[in-house]
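The values are calculated or read from the model by the stated rules, or taken from the named source; none is laboratory data. These numbers come from a predicted model, not from an experiment. So basically every Cβ, Gly included, is an ideal-geometry build from the backbone, and we count neighbours across all protein chains shown. In case anyone asks, the SASA skips ligands and DNA or RNA and just uses the protein heavy atoms, side chains included. Shrake-Rupley method; radii C 1.70, N 1.55, O 1.52, S 1.80 Å.
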Amino acid sequence: MCGIVGYVGSQQAAPLLLEGLGRLEHRGYDSAGIAVLGPGKESRLRMAKKAGRVRDLTEELPKRFAGRVGVGHTRWATHGPANDLNAHPHLDTKGDVAVVHNGIIDNAAALRAELTDAGVDLVSDTDTEVLAHLIGRSEAETLEEKVAEALARVEGTYGLAVLHAAFADRVVVARNGSPLIIGIGDHEMFVASDLAALVRYTTRVAHLDDGELATITAEGFTTYRRDHGGVSAVPRTATEVDVDPAAYDAGEHESFMHKEMLEQPEAAERVLRGRLDERFGTSHLGGLEMDARDLRAIRRVKVLGCGSAYYVGQMGAGLVEELARIPADAEAASEFRYRNPIIEPDTLYVAVSQSGETIDTLLAVQEIRRKGGRVVGLVNVVGSAIARECEGGIYLHAGPEVAVASTKALTNMFLGFTLLALQLGRVRDLSIADGRRLVAGLQRLPGQVAEVLAGEPDLVAPAARLAEAESLFFVGRVRGYPVAREGAQKFKEISYRHAEAYQTSELKHGPLALIDPRVPTVAVVPHDELTDRNVGALHEVAARGGPLVVVTHAEVDLGDLPSQASVHRIDVPRNERELDPILLTVPLQLLAYHAAQSLGHDIDKPRNLAKSVTVE
Ligand code: F6R
């Protein structure tokens, strides 16, 4: 979604801001802009903004754009179309204040009407512009108080950064529901909505909490809490983030998605490292902050996530039910809060999120906590909003994920769920022998993911054939159904083809009517207790001329399919049946990737999608 960067220091701000915005491109945007405060006592604010790409803005930046304090933004249109006027920054009437903003101001219409009545000429269609005017019109003494006063009028979500010509040594930022991270340099300070924009300059960071403001100057930062229309300082210590800046470069790969798919074996090793106990056939998850007695008291597990995280959550809920014999299910976090859910004290709620910033998941977590529920997180981004809001959890250690289409984080979510299910199982009825069997399976798994990835060249041609279809089915049963859902999700996200997931068993209850030679089916057919039934369904599809791609195990006999049937078979290595779903998922990532490639799509920036969805 939208991105924010800010800088105060001794270097020229504009090139740094543009570089930072380039690093946020993956979040999805349709316009970009920067503002700097010019040198000298009578500081002038300079601003340039434009619909289109950051490189368009860079090419057209005026020659005179000096300034060592500045903010920048990539916008994803919400209020008003993507055009130059609606791009951020937004200025107040005098041109002294510049605001960049992520999030949505819910009462913008009322505030716009009020400002118009007061004679203010609004020049854009945006909600953000009201903030610039409210700050510009404030008579409070300090910039921090002006911003706090404006925010007291605002309902909604924001991460924002503000420049003011009369306070030329600083950037003031504020957060409510939209991420903001302060980066601490040597006599220079940064701010960004995503670590990706900071790590080339510093790995020392401080996070803002909702309801907080901060001032950054060249010499440091101060955090404040809004109170009674003013501000009061709150202490904040900086932390060092353990991240390799190279993770934010695609290197020799043609895209981040490709790089991240290939990183899965090492990412999988990281999430397992130090957490497996061979001797007792269990896992150690210190971050959960629950002892055996707490774990035993759990009567139900409810997983909440959005999009692919929800589908992996469904795999996770299946694992918990299978290994721990606790009723478990997954629900889209985006729906959960609106149906006034019953929150039970003996249910363990699990929020699953790569970014840790998805607003729907965050709001679901807050709703659970408000009602006294216990919620833990499976989160990739350390220190993110969801991670901080949960009472404990499992960090996924997938490393930074830049591509919009999530791959390595999802694999690690699955493994995180396996670790959780194992621990829950071993304080109940899962035997030590089964525990050891699964621990050994987990140890084999990263190598097997590498084996599947090594088969990539064989998937290029079938993927290109699938890409020719306007519409496809992805089918699977029980453990294979969430695999099919995730496969369809990945395929539609980046190839823009209509891909629909179904339980294989449901085909004959309706969708079979659509099967013909133009509608391929990608079927997930593991070697398990349902193989025969799955294979039967494939015959029904083939009999109607439907092309098939079957992701399966070498042991599976597909029987005598009609000789004219178009069937492509992808065999993946077998693990323990409970762990197979993730190995069956990896080829579906590769199929989606190569389908999108054959169609010439920009894989890391799929249309209409953003990496982290921080607005409802
Ligand atoms: C799919 C995808 C999205 C995310 C979803 C949740 O490839 O990336 O469906 O899974 O937006 O995002 P996180 O995991 O950051 O909460």
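Pairs over the 25 Å Cα-Cα cut-off, from the set K49/K408; K508/K611; K492/K605; K490/K611; K94/K146; K50/K146: K49/K408; K508/K611; K50/K146. Expressed to the nearest 5 percent, the antiparallel share of DSSP beta bridges inside the chain is 60 percent.
Highest mean packing comes first when the peptides 482-489, 91-98, 236-243, 285-292 are listed by Cβ atoms within 10 Å, giving 482-489, 91-98, 285-292, 236-243.
In loop segments of the stretch 271-365 as defined by DSSP, the trypsin sites (Lys or Arg not before Pro) with at most 16 further C-beta atoms inside 10 Å of their C-beta are R273, R279, R299, R325.
A viscosity of 0.692 mPa s and a temperature of 37 °C, combined with the Kirkwood radius over C-alpha pairs in the Stokes-Einstein formula, give the chain a diffusion coefficient of 129 µm²/s. The fraction of accessible area contributed by carbon and sulfur in the chain is 47 percent, rounded to a whole number (1.4 Å probe; ligands and nucleic acids excluded).
When peptides 131-140, 109-118 are ranked by their average number of other Cβ atoms within 10 Å per residue, the highest-first order is 131-140, 109-118.
Among the trypsin sites (Lys or Arg not before Pro) in the stretch 1-50, those located in a DSSP loop and surrounded by at most 16 other Cβ atoms within 10 Å of their own Cβ are K41, R44. Straight-line cross-link partners of K371 among the aspartates and glutamates, defined as a Cα under 16 Å from its Cα and at least 8 positions apart when in the same chain: E344, D346, E389, E391. The peptide list 173-185, 557-569, put in order of mean Cβ contacts within 10 Å with the highest first, becomes 173-185, 557-569. Less than 5 angstrom separates the built amide H of G67 from those of A13, A14, all sequence-distant by 5 or more or on a different chain. Which angle between 0 and 90 degrees, to the nearest 10, do you get for helix 408-426 versus the longest principal axis of the chain when only C-alpha atoms count? Approximately 60 degrees, to the nearest 10. Dividing the summed helix terms, -39500 (n - 2.57) for each DSSP H run of n ≥ 4, by the number of residues in the chain produces a 222 nm estimate of -10500 deg cm²/dmol to the nearest 500. Counting Lys and Arg as +1 and Asp and Glu as -1 over every other residue whose Cβ lies under 14 Å from the Cβ of A543, the net charge comes to -1. Accessible surface computed residue by residue for the chain, with neighbouring protein chains in place and a 1.4 Å probe, gives 38 Å² per residue. Against the longest principal axis of the chain, how steep is helix 480-495, in degrees 0 to 90 to the nearest 10, with axes from Cα atoms? Helix 480-495 and the main axis of the chain meet at about 50 degrees.
Nearest 10 degrees, 0 to 90: what angle lies between the long axis of helix 128-137 and the longest principal axis of the chain (Cα atoms)? Tilt of helix 128-137: around 30 degrees.
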